[in-house]
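Here is the structure we will look at.
The values are calculated or read from the model by the stated rules, or taken from the named source; none is laboratory data. Small disclaimer: the values here were computed from a predicted structure and weren't measured. Using ideal geometry, Cβ is built from the backbone for each residue, glycine included, and neighbour counts are taken over all protein chains shown. The area values use the complete protein model at the heavy-atom level, side chains included, leaving out ligands, DNA and RNA. Shrake-Rupley method; radii C 1.70, N 1.55, O 1.52, S 1.80 Å.
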Amino acid sequence: MESPNSPLFEPARLGPIELKNRFIKAATFEGMTRDGIPGQKLTHFHRRLAEGGIAMTTLAYCATEADGRLHDKMMYLHHGIEGPLQKLVDEIHAAGARVSAQVVHCGGFSKNRNLQRLKRPLGPSRGINLLGTPAGMPIAGAMGPEDIDTFVRTFADAGRLLKRVGFDAAEIHFGHGYGISQFISPKTNRRTDEYGGSLENRMRLPLRVLEAFREGAGDGLAIIGKISMTDGVKGGVSWEEGVRVATMLDAAGIDGIVTSAGTSRRMD
Ligand SMILES: Cc1cc2nc3c(=O)[nH]c(=O)nc-3n(C[C@H](O)[C@H](O)[C@H](O)COP(=O)(O)O)c2cc1C
């Protein structure tokens, strides 16, 4: 354990918010959203962390829409869960910590058979959906321009909801092989339009997502991005590109970057 006079215990500024120290609980999907509801068990889990003295906890995998989930036991941000979410936020605040929500969309990597808007999971390019294969969904389709606009819009809606409920921060998931990183990675993005090819093109959707989220959330909420500095697979995002991704997000005004690596999906 660090001594209390370590810099880790000093307050820090994160965009528009102040953190009482440098400890932020990482997003780790806890599997505690029975029926997709962030109820008592999950609230208790995060409250205990807050009581332990961390500055901020992160509510993992808050899908921006029903079809952004890996499976239908995960939560998605919609009106029906605002009550329990509000309770969770209030309890963490009462325990003296701030709370961030990780906002994410799975794109074409899903085993969710209970799709609501889509007929099948969609990514940047048609490809194998290994996670969905046992569930009878072996192929992910390619998003058309309207699908891309809808995908982006779900992040603006998520921003509005998180602001309404009182979250202090949001962590947009740009990594780990989920929807946004499927666009960033040349391994999964084989598009020939303005969303594919050069890194500038592959970053077009991620940067639109950041802008849309900020527009929805307005001022006051810190916006962080979690990125894979490298996919760790041949033909995927390299370290050099990872640095450029971080730089581009920084230039677009993101308040902080969580540097991770790797992908949850096999990329073949
Ligand atoms: C059980 C478990 C669940 C996780 N769930 C998530 C998640 O929902 N979202 C996420 O971004 N990372 C998730 N992670 C990854 C961690 O947040 C973290 O990125 C990982 O442990 C590696 O650390 P690093 O990112 O510093 O390399 C999970 C990790 C574990 C062990």
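Descriptive notes on the structure:
- Carbon + sulfur, % of accessible area of the stretch 93-197 - ligands and nucleic acids excluded, 1.4 Å: 50 percent
- Degrees, to the nearest 10: 204-217 long Cα axis against longest axis of the chain: 40 degrees
- Karplus 3J(HN,Hα) series, Hz, for the stretch 107-123 with 6.51 cos²θ - 1.76 cosθ + 1.60 (x for Gly, Pro): x, x, 10, 7, 10, 7, 7, 9, 6, 10, 9, 9, 8, 8, x, 10, x
- Put Asp147, Asp250, Asp67, Asp219 in order of accessible area, highest first, and with a 1.4 Å probe you get Asp219, Asp250, Asp147, Asp67.
- For the stretch 120-194, accessible area per residue (1.4 Å probe, heavy atoms of protein chains only), Å²: 37 Å²
- Check: the chain dipole with +1 on Lys, Arg Cβ and -1 on Asp, Glu Cβ, in debye: 780 debye
- Listed residue (Met248, Leu207, Thr263) projecting farthest to the positive dipole end of the stretch 130-268, Cβ model: Thr263
- Charged-residue dipole, Cβ positions (Lys, Arg, Asp, Glu), the stretch 81-141 about Cα centre, Debye nearest 20: 440 debye
- Relative to the dominant Cα principal axis of the chain, helix 145-165 is inclined by about 10°.
- Put simply, when 89-100, 191-202, 160-171 are sorted by average Cβ atoms within 10 angstrom per residue, most first, you get 160-171, 89-100, 191-202.
- Ranked packing of 135-142, 221-228, 207-214, most packed first, by mean Cβ within 10 Å: 221-228, 207-214, 135-142
- When the charge dipole of the stretch 1-94 is built from unit charges on Cβ atoms (+1 for Lys and Arg, -1 for Asp and Glu) and taken about the Cα centre, the candidate among Ile54, Ala27, His71 whose Cα reaches farthest toward its positive end is Ile54.
- With Cα atoms, 0 to 90° folded angle of helix 82-94 axis to the chain main axis: 40 degrees
- Taking amide H as placed 1.01 Å from N in the peptide plane, the amide H of Ile139 sits under 5 Å from that of Asn129, each at least 5 places away or on another chain.
- Counting lysine pairs in the stretch 1-131 that sit 8 or more residues apart in sequence, or on different chains, and whose Cα atoms lie under 23 Å apart gives 10.
- Accessible-area composition of the stretch 211-254, carbon plus sulfur, in percent [1.4 Å probe]: 54 percent
- Here's the picture: charge each Lys and Arg Cβ at +1 and each Asp and Glu Cβ at -1 in the chain, and of Ser228, Met137, Gly123 the one pushed furthest to the positive end of that dipole is Met137.
- Normalised contact order of the stretch 47-138, rounded percent, pairs of Cα under 8 Å and 6 or more residues apart: 32 percent
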